[in-house]
Amino acid sequence: MKTVFITGAAHGIGLATAMRFASQGWFVGLYDINEAALQTLLQSSQFPHACGQVCDVTSSASVEAALAHFASHTEGRLDVLVNNAGVLSSGRFEDIPAQAHEQMIAVNVGGLTRVAHAAFELLRQTPGSTLVNLCSVSSVHGVPLLAVYSATKFYVNGLTEALHIEWAKHGIRVTAVKPPLVNTAMGHAVGDNLSGKFRVDMQPEHVAEAIELAISGNRVGYLLGSSSKLWGWLDKFLPEGGRRALTRYLTNQ
């Protein structure tokens, strides 16, 4: 039985991904900071082959305990790691509390790095394993009113590209999916701060499907949605002034 370990699994994209793999007979590891939600899921009929416990990705001890817990249920097998946990705050950079900026860096950068690093041995000892990092369309160009969040996703993209090369010799494939705003609590947290062409126009189930496709693909990154793909393509060929003008147009800034 194939196995998948998912962070931020109690809601949104993480939950949709967990449900998709569970429906296909995978053993699913659900890890999140929301203990009550995890217990409800683990006791439901949707997850007949699953385990899970609290995992705070900002804590090395918590991450290591979660992976050890997972490995004890899978005999050390980890076919797919979905590095999904993330947080978002939107608004003008100077108006967002410093603590919120620090939390985005702690979770989106530090947490994602911590989980990948701690999971390396399990991934290496599982033939054909894959690490999927949740990135964002905001890694195409720095997005105003999402400055720090966008910057954290540039980090995710860079780490993914580097590990895609570095871990290939270990038989580990590394890739990222880059959705636009998704119909989740995080997606709606952007609220009215980010107007223009940025809209919540993708369901978490569509991202889960893309994650599954990315596992069997061969690309290092996958922009999701036609608008995201067009933006990514234009950004590669426009001069610097054109890239800025396009981002201003898309965000109504």
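Values quoted throughout were computed directly from the atomic coordinates according to the rules given, and no laboratory measurement underlies them. What you see is a predicted model, and the numbers here were worked out from it, not measured in a lab. Neighbour counts are summed over all protein chains in view; Cβ atoms, including those assigned to glycine, are modelled from backbone coordinates with ideal geometry.
About the centre of its Cα atoms, segment 3-251 shows a dipole size close to 760 debye [charges on the beta carbon of Lys, Arg (+1) and Asp, Glu (-1) only; nearest 20 debye]. With the charge dipole of the chain set up from +1 on Lys and Arg Cβ and -1 on Asp and Glu Cβ about the Cα centre, the Cα lying farthest toward the positive end among the listed residues 146, 253, 65 is that of 253. With the charge dipole of the chain set up from +1 on Lys and Arg Cβ and -1 on Asp and Glu Cβ about the Cα centre, the Cα lying farthest toward the positive end among the listed residues 54, 226, 28 is that of 226.
Spacing of the modelled spin labels on residue 125 and residue 168, each 7 Å from Cα toward Cβ, amounts to 2.7 nm. Which residue fluctuates most in the GNM of the chain (Cα springs below 10 Å): 220, 82, 174? Looking only at 220, 82, 174, the largest GNM fluctuation is found for 220. If R0 is 35 Å, the Cβ-Cβ spacing of residue 117 and residue 35 corresponds to a FRET efficiency of close to 0.90.
Amide H to amide H distances under 5 Å link residue 202 with 183, where only residues 5 or more positions off or on other chains count and H is placed in the peptide plane. Computed from the Cβ-Cβ distance with R0 of 35 Å, the FRET efficiency linking residue 11 to residue 218 stands at 0.70. One quarter of the surface of the convex hull around the alpha-carbon atoms of the chain equals 13.0 nm², the direction-averaged projected area. Note on residue 68 and residue 234: the model spin-label points, each 7 Å out from Cα along the C-beta direction, lie 5.1 nm apart. The separation of segment 209-234 from segment 1-39, counted between C-alpha centres, amounts to 22 Å. Each Cα pair under 8 Å and six or more residues apart adds its separation to the average, and for the chain the resulting relative contact order is 18 percent. Given the C-alpha centroids of segment 44-64 and segment 82-119, what is the distance between them in whole angstrom? Using only Cα atoms, the two centres lie 19 Å from each other.
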